[in-house]
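Student: Before I ask anything, here is the structure I am working with.
The values are calculated or read from the model by the stated rules, or taken from the named source; none is laboratory data. What you see is a predicted model, and the numbers here were worked out from it, not measured in a lab. Backbone-built Cβ (ideal geometry, glycine too); neighbour counts: all protein chains shown.
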Amino acid sequence: VARREAALGRGGAKLTQIAVERAVGTAVHDVDGNTLLDFAGGIGMLAVGHCPPTVVSALQKQAESLVHVCSIVASYEPMVEVAELLNQVTPGDHAKKTILSNSGAEAVEAAIKMARAYTGREAIIVFEGAYHGRTNL
């Protein structure tokens, strides 16, 4: 934890003194040998838990052929497939499109842009003191 404070800027919040070594399912194992329950779920983005074998296997398989393509530069099949799947399972009979984001802040910013474009209004409502991702809200 002290090395983190020496090496990283203060922009990233730090809520605990825990230094995680590995995690499986709902268990987080720290560098001191303690096993803790992850009540934060990776701050809400780990609905499947840590390191589920099916997800690890899918990541390994994908990494063998392609790790990253910038979506504004080129298209790639897995991106299109996941967007089509999300469009299929989203309720409603209207035309749908998916926006894939790499962070909660990026998703919030995209939602604000879409809401402003759709309504023609600039103002938005936010909860003061609430967490909106690392946005400027």
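Student: Give segment 60-113 a look and list any residue that's under 26 Å from Tyr131 (Cβ atoms), exposed (fewer than 12 other Cβ atoms within 10 Å of the Cβ) and either more than 20 Å from the chain's Cα centre (by Cα) or not β-branched (Val, Ile, Thr) (or both), or say none.
Tutor: Within segment 60-113, Asn102, Lys113 meet the criteria.
Student: Further question: Give me the pairs, please: first residue somewhere in segment 4-18 and at pLDDT 85 or above, second residue anywhere and not in a loop (DSSP other than H, G, I, E, B), beta-carbon distance under 8 Å, and either six or more positions apart or on two chains.
Tutor: Ile18/Val28; Ile18/Asp30; Ile18/Leu36
Student: Also, quick follow-up: Out of segment 37-76, which residues are in a loop (DSSP other than H, G, I, E, B), modelled with pLDDT of 90 or more and among the hydroxyl-bearing types (Ser, Thr, Tyr)?
Tutor: Selection gives Ser75, Tyr76.
Student: Quick test of your reading of the structure: Asn34 fulfils all but one of (1) at pLDDT below 90; (2) touching a strand residue (DSSP E or B) at 6+ places or on another chain (Cβ under 9 Å); (3) of a type in the set (S, T, N, Q). Name the failing condition by number.
Tutor: With (1) at pLDDT below 90; (2) touching a strand residue (DSSP E or B) at 6+ places or on another chain (Cβ under 9 Å); (3) of a type in the set (S, T, N, Q) applied to Asn34, the lone miss is (1).
Student: I need a count of the residues in segment 85-105 that are free of Cβ contacts under 8 Å to residues at least 24 places away in the same chain and either part of a loop (DSSP other than H, G, I, E, B) or within 18 Å of Cys70 (Cα to Cα) (or both).
Tutor: Selection size over segment 85-105: 12.
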